[in-house]
1. Can you give me the angle between helix 129-145 and the longest principal axis of the chain, using Cα atoms only, in degrees from 0 to 90, rounded to the nearest 10?
2. Once you sort the root eigenvalues of the Cα gyration tensor of the range 331-370 as a ≥ b ≥ c, which label holds: rounded (a/c under 1.5), prolate (a/b larger than b/c) or oblate (the other case)?
3. Which FRET efficiency, nearest 0.05, do ASP58 and THR381 yield, Cβ-Cβ r, R0 25 Å?
4. What is the local net charge at HIS245, summed over the other residues whose Cβ is closer than 9 Å to its Cβ (Lys, Arg +1; Asp, Glu -1)?
5. Normalized C-alpha radius of gyration of the range 154-304, against 2.2 N^0.38 Å?
6. Using only Cα atoms, tell me the angle between helix 369-403 and the longest principal axis of the chain; keep it within 0 to 90° and round to the nearest 10.
7. Based on the Cβ-Cβ distance of ALA267 and ALA198, what FRET efficiency does E = 1/(1 + (r/R0)^6) give at R0 = 25 Å, to the nearest 0.05?
8. In which sequence would CYS327, CYS230 go, from the one with the fewest C-beta neighbours within 10 Å to the one with the most?
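The numbers here are math on the coordinates, done by the rules we state, and not lab data. What you see is a predicted model, and the numbers here were worked out from it, not measured in a lab. Don't worry about glycine lacking a Cβ; one is built from the backbone with ideal geometry, like all the others, and counts go over all protein chains shown.
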Amino acid sequence: MTFVTVLGSTGSIGTNTLDVIRQNPLQFNVFALAAGRNVELLAHQIKEFLPEVVVVRDPELYPILVETLASIGVPQKSWPELTAGPAALVQIATASKTDVLVSAIVGVTGLEATYEAARKGKRIGLANKETLVSAGRLVMQAVRDHKAELLPIDSEHNGAHQCLRAGRRQEVVKLILTASGGPFRTTPKHLFAGITPAEALRHPTWKMGNRITIDSATLMNKGFEVIEACWLFDLEPGEVEVVVHPQSTVHAMVEYSDGSVLAQVSATDMRMPIQYALTWPDRLAAPVPRIAWTTPRHWDFEPPDFDRFPLLRVAYQAQESGDSATCTLNAADEVAVAAFLDGEIRFPEIAAVVEETLDKFPARPARSIGDILNIDEESRTLARRLVEERHWVSSRKAASQKAAPQTTPNQPTVKA
């Protein structure tokens, strides 16, 4: 029996992970769950999977969780140990009973727990982009030093992992990551300023959380994946290529030195890469849709537009710069995305805030997770200030326009 700990159990990856466990009750069991504020869903997960430990973000959620557990009929003798905070995440991630850690918390919240799990030599199913984007050098060094297993859950990196099993690293010419292109793949650039959060959240292929959906709309998410791929597979930025593939069926391709290109193809269902990470190197039957090869279909591939989606270019540049640049990139993007969703800045200003933050925050070496967390917070502080400045200017401009005298077209203003 393999015991699994899930960080971010109420999110998209977390719920899909629990479905994989549900489908394989003789193979997997849940040791611990960690979640944010979705207490009701967490309570139902506790009722079904009976974890030994549950971590919530804030202790103030305890009374709500206890009340919910009682209301859905979970006897108190079946309640798990309840705890909260970053230290508790580290404890469940490194517990001796944790065989596999699924790291799916959005943001840097799960970084330390994932890093410490690597230092304990755990198998890690990684769905948290910030871990490698912010601290790739430190995390991969821990994986190597302590012989941990890091299996990517993102569909693109998982596909690359499968393709790379066909040859040796020195035979690889390049890795090709596919991007759906997001909801604005064909939208003219001059219309970007009018894009609303609701429009940006309508992803054409995947159902995901708000931040990653906006990042997919700006192609920042693909930029993060380029950075992750460099760390996961020991590649230089120039060895990772991005192509837009709207059908999202080919997830990754690897070109070898003899000209062969291997592609990983599957339906758009995250349970397949999750199960691959849990069972590697074995494969089990998965409850995912199969591709009907007798049905006519076509696949499109096109280059990304770096002019309309500059954050993809910025991500390449940050990885090439090295040191803490990618940590600042991630922090600034998270702040800018939140500001866009709150109506403080327009869609094109997400990229503007990120670029300006990188320009004004010099990259520096990071020798510990503490260094990374400090750089992350300093970068966020700067990005928030830049957002506030832009919001103030736009507010003043709007107020000025509102106060300006209104005139009827083709009729001059009458002076007293």
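1. 40
2. Since a/c reaches 1.5 but b/c is at least a/b, the shape of the range 331-370 is classed as oblate.
3. E between ASP58 and THR381, to the nearest 0.05, is 0.65.
4. Neighbourhood net charge equals -2.
5. Rounded to two decimals, the normalised Rg is 1.09.
6. Value to nearest ten degrees: 30.
7. For R0 = 25 Å, the calculated efficiency reads 0.35.
8. If I rank by nearby Cβ atoms, fewest first, I get CYS230, CYS327.
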